[in-house]
1. Using the alpha-carbon centroid of each, what span in Å lies between the range A:328-361 and the range A:279-326?
2. By per-residue mean of other Cβ atoms within 10 Å, what is the highest-first order of A:135-143, A:318-326?
3. Where does chain B land on Rg/Rh, using Cα atoms and the Kirkwood Rh?
4. So how do B:220-226, B:54-60, B:106-112 stack up, highest first, on mean other-Cβ count within 10 Å?
5. How big is the convex hull of the Cα atoms of the protein assembly as shown, per residue, in Å³?
6. How far, in nm, would the chain grow between A:ARG263 and A:ILE139 when pulled straight, counting 0.36 nm per residue and subtracting the alpha carbon separation?
7. So between A:TYR556 and A:CYS462, what do we pick up on full extension, going 0.36 nm a residue minus the alpha carbon distance?
8. Using the alpha-carbon atoms, what tilt in degrees (0 to 90, nearest 10) does helix B:78-88 show relative to the longest principal axis of chain B?
Amino acid sequence: MNKLFIVLICLLFPLQAWGETTVQATVDRTVISPDASLSLSVTVKDGSGEVDTSDIKDFDIVSQSSGSSISIINGSMTRTKEYTYTLVPRSKGTLAIPALPVDTGDGLLHTEPIRITVTQGQSSTADSGSASIFLKASISSKKAYIGQQIIYTASVYQSVNMADARLGEPEFTGFSVDKLDDQKSFDTVINGQSFRVTQIMYVLTPLQSGTQTIGPATLSCDLMRQDRRRSRLDSFFSNDPFFSSGRRVHKTFRSPSLTVDIRDLPDRAPTDQPFSGLIGTFSIASKLDKTSLKTGESATLTITISGTGNIADADRPVVTVPDDCKVYPDEPVTSSQTHSSGTTGQKNFAFALVPTKAGTLVLPPVTLNWFDPRTDSFATASTPSFTLTITQGTGQTASVRTHAKTSPATPPSPKNIKQDVTVLHRDILPVYEDVDAVNNRAPLAASSFLAAMCIPLLLCGCVPLIKKRLRRSGHPSRRYAHKAARLIAEARKSQGNEACTLCSRALIASVASRTHTLSESLTYDEMHELIVRTTGKNDLAEQARALMLTLDTARYGRSGIAPDQTKALIEQTSKIVRELCA
Amino acid sequence: MRITTLFSQITLILVLTACAATVQAKPVTTHFIQGVEAFKQGHFQQAIDAFLPIAESGVENGNLFYNLGDAYLKAGQLGQAIYWYERAIPFMPRNADLKFNLDYARSLQIDDQPGQDTILTRVLFFWKDILAARTIQYLALGSNVLLWLGLGFLTFCSSSWIKAMTTGAMLLFLLVTPTALFQLYHTTLAPQAIIVADTAPIRSGRSQDATELFVLHAGTRVDVQEQTENYTKIAFGKEMFGWIEQKNLGIL
């Protein structure tokens with residue numbers, strides 16, 4: 001519990017627990033063989049700092065790492081920052097790791113210098129596997145011209161497995177470097193021992209003359225050091241460093257340095273042909289898509305430079321044509337591949353030729369001048385000349401796109417050659433002059449629009465009223481006929497005296513539809529007379545009078561009326577009403 | 001006899017009104033022609049002085065607004081130019097000249113304009129990009145009348161062609177009326193405005209002492225949220241709000 005409390009306090013007040021910052025440099029051994037590596041550790045206690053290793057001249061630093069830790073011993077906390085470097089000696093003899101400055105922020109501290117003895121045959125780790133791995137470097141040519149491509153190959157030979165292998169690229173000072181993506185692997189036998197060989201290649205292009213040194217390539221890896229006691233399981237996994245027993249031993253291997261004699265290009269003999277800048281082996285070819293055309297039309301001349309070397313650096317060939325022919329060059333298209341023999345490929349230059357005058361047009365040969373390192377001399381090749389027959393066209397000049405992208409497989413066709421429209425100036429379009437512009441075209445205001453939208457709705461709402469009004473204001477005969485029909489309909493829903501009353505009123509309304517005058521009290525004789533006068537039907541008048549009498553009897557009689565009789569009276573009334581209203 | 005007399009009187013009044021309108025239109029036409037001539041001769045401020053009174057007299061016409069936009073743009077007043085071009089759009093939304101000139105003016109605008117219409121708005125109210133606002137209104141009114149007439153007739157008699165006419169009118173009504181209402185909503189309830197000054201500070205309050213929140217430049221379109229006598233509260237995008245002096249703003 002007390003310790004936990006102390007830890008918490010220390011975490012809360014870490015700075016107060018640290019003491020004075022100290023630095024220390026240590027190595028894992030002081031005597032090594034030339035092909036071995038040593039580990040240098042610089043430890044910064046109770047502080048942080050940056051180690052300056054630029055003073056280490058006798059060794060190459062092939063890898064570095066750092067880590068930090070905090071330890072608490074008897075309540076005293078110590079923070080440690082450790083920088084670890086893997087050093088490979090550059091020469092034999094007594095070498096020195098000088099005092100290394102460490103910038104702690106508060107000032108510079110220095111480590112103690114260390115002396116390392118590098119002797120042949122001395123190896124601090126007598127690893128049986130180290131002889132089974134080695135690194136070779138080779139170059140395709142020890143003499144080269146500026147601009148000439150040479151191939152640097154680093155070959156890793158291994159007869160045992162290794163882990164965490166990292167290849168340190170050499171310093172290619174004075175060269176431009178292009179690393180090949182694909183690496184070769186194959187098996188070989190040396191002195192009866194089988195090796196797996198992995199080759200990594202670089203295409204180097206010298207940039208300056210003189211003797212150039214290519215530093216050593218380094219290979220750092222972990223090898224498995226076998227324990228003396230081996231189990232049966234170990235033999236099963238013996239080829240896998242992850243599973244095999246034993247401990248890992250970090251090793252570093254170096255290839256020898258190489259020197260290359262870089263020379264300037266020799267002087268050229270006086271010639272009219274410009275140097276293309278190409279160094280290697282090249283050829284030139286040309287193709288013309290048609291040899292007869294009209295003025296204003298275009299023909300496409302394609303010049304192809306192919307070969308091995310710095311093909312991408314080829315300048316555009318000079319195509320010389322008479323003044324009465326215009327030349328529009330396209331963007332060149334390069335297709336190349338880099339492999340163990342250098343860069344091989346071709347570069348296509350397309351030219352659109354537009355003759356402006358009828359006649360015969362002769363295209364002279366196009367010459368390519370390059371330097372061939374195999375013969376240590378400049379070489380020249382030319383295309384054949386072409387003769388074009390030009391006839392008079394329609395007078396229109398072909399439009400040509402000057403920056404069209406073309407592929408070597410599909411040279412630009414005249415049909416596809418179009419001109420990009422470019423904006424020369426920007427301005428607005430002018431004003432309108434039609435005086436109609438002074439006429440008001442304003443849309444309706446919101447209130448007007450909404451009111452106008454509501455008018456049809458209101459009108460539609462008035463339709464029932466209109467309908468009713470129309471019905472009311474219709475012809476009296478129809479009005480009374482409607483009334484009679486309505487009374488009959490109501491009588492059908494009623495019983496007894498009420499039904500008789502409704503039938504009586506319906507009968508009178510039907511008579512009124514004939515006379516156009518409604519009289520609520522008609523005598524039987526008056527009814528008879530009106531019906532006879534308006535219809536001329538005496539029978540109908542008699543039936544109506546009899547029915548009226550029956551209805552009144554039923555209405556005012558004390559005995560009442562049976563439902564069946566009511567129904568019969570209603571039907572009889574309905575029949576007479578229909579005849580009167582017809 | 002009485003009807004004949006009344007008809008004659010109404011005809012006379014209409015003829016006299018038309019003559020009066022013609023007499024009144026003359027100075028307006030003259031102003032317009034003077035403006036066009038001034039523009040042709042490169043006197044753009046004179047063109048503005050000729051066109052502007054016509055617009056201020058209440059004439060609303062897309063061609064007139066377009067001409068004002070041209071004159072202001074040539075006179076170097078970008079904000080006013082975009083304002084008048086924007087005002088012309090509802091009158092002639094498909095006019096290629098207007099679109100060309102407005103695009104050119106917009107290319108000179110400094111502020112990055114956030115998008116105004118959403119996809120839903122553009123789909124639902126697509127008529128506004130095709131037809132003039134007035135045409136949309138008349139179509140809405142016409143379809144409205146036809147729709148209710150058809151419904152009214154259908155209560156009296158059931159005719160197949162009346163049913164077809166009513167259905168067509170209803171479809172047109174449903175297509176056009178929302179766009180008309182949307183445009184009215186923007187002109188009355190949620191108007192937009194254009195910054196007409198070259199530089200317009202947007203402040204936290206309605207005074208010169210209020211904190212300057214951000215600055216807008218000529219031609220930028222903003223949403224109007226509230227208007228007072230001298231200041232207008234505007235929204236630029238969804239997150240920037242503030243008050244701007246009325247003189248720096250042209251409400252569409």
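1. 5 Å
2. Descending packing order for the listed peptides: A:135-143, A:318-326.
3. Rg divided by Rh gives 1.08.
4. B:220-226, B:54-60, B:106-112
5. 560 Å³
6. 43.0 nm
7. Extra length from A:TYR556 to A:CYS462 when fully extended: 29.4 nm.
8. 10 degrees
All of the numbers you see were taken from the coordinates with simple rules; none came from a lab. What you are looking at is a predicted structure, and each value in this text was computed from that prediction instead of being measured. Cβ: placed from backbone, ideal geometry, glycine included. Neighbour counts: every protein chain shown.
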